[in-house]
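The values are calculated or read from the model by the stated rules, or taken from the named source; none is laboratory data. The shown structure was predicted, so the numbers you read here are calculated from the model rather than taken from an experiment. Counting neighbours? That spans all protein chains shown, and the Cβs are built from the backbone with ideal geometry, glycine included. For the accessible areas, the whole protein counts, side chains as well, though only heavy atoms, and no ligand, DNA or RNA atoms are used. Shrake-Rupley method; radii C 1.70, N 1.55, O 1.52, S 1.80 Å.
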Amino acid sequence: FFMIILFFIDFWRLRSAAWSRRFENSNKSGQYFGNGETFLFTIAPKAIKYDWAGKCRDPNSLSTSQQLFMSASNSSFSIGAGNGTGLFVNELAKGETNHCETFDNQPLTSSSETMFEISVVEVIAFS
């Protein structure tokens with residue numbers, strides 16, 4: 001199964017959740033960062049946007065796993081966590097998608113297969 005990955009970057013908002021924040025703590029790997037503006041989406045079989053599960057809730061009522069937005073290393077990154085990873089990409093070649101508590105999403109693939117190979121990566125930036 002092949003998947004096309006799209007990234008939308010809004011440089012004005014990126015300052016609130018810069019990817020460089022993954023190096024702020026002494027634990028260089030597995031550090032989560034980001035905020036409730038993060039989301040996942042799919043376009044097949046129909047377009048669905050999965051906003052942060054805590055968007056309209058009291059922040060004090062959220063579990064830790066509902067606040068795990070993004071994590072990155074030099075070779076991989078993930079978006080969403082908690083009983084699964086919303087989107088995991090390794091070496092920009094392979095990935096996996098599962099339900100996660102951060103976005104309360106369904107897997108982003110259009111089939112029951114959750115592992116995929118990446119055929120195209122496209123980054124769209126807004127300034």
Estimated inter-spin distance, residue 58 and residue 37, nm [label 7 Å along Cα→Cβ]: 2.7 nm
Could you put 118, 124 in order of accessible surface area, largest first, with the 1.4 Å probe and the full protein assembly present? 124, 118
Sulfur and carbon atoms: percent of accessible area, the stretch 86-126 [1.4 Å]: 50 percent
So, by mean Cβ neighbours within 10 angstrom, what's the order for 47-58, 77-88, 105-116, 31-42 with the highest one leading? 77-88, 31-42, 105-116, 47-58
Taking residue 49 as the anchor, which aspartates and glutamates have their alpha carbon closer than 13 Å to its alpha carbon, excluding any fewer than eight residues away along the same chain? 37, 104
What is the calculated FRET efficiency for residue 47 to residue 76, with r their C-beta to C-beta distance and R₀ = 41 Å, to the nearest 0.05? 0.95
Grab the other residues whose beta carbon is less than 15 angstrom from that of residue 54, score K and R as +1, D and E as -1, and report the net. -3
Which three extents, in whole angstrom, do the alpha-carbon atoms of the stretch 42-107 cover along their principal axes, largest first? 38, 31, 15
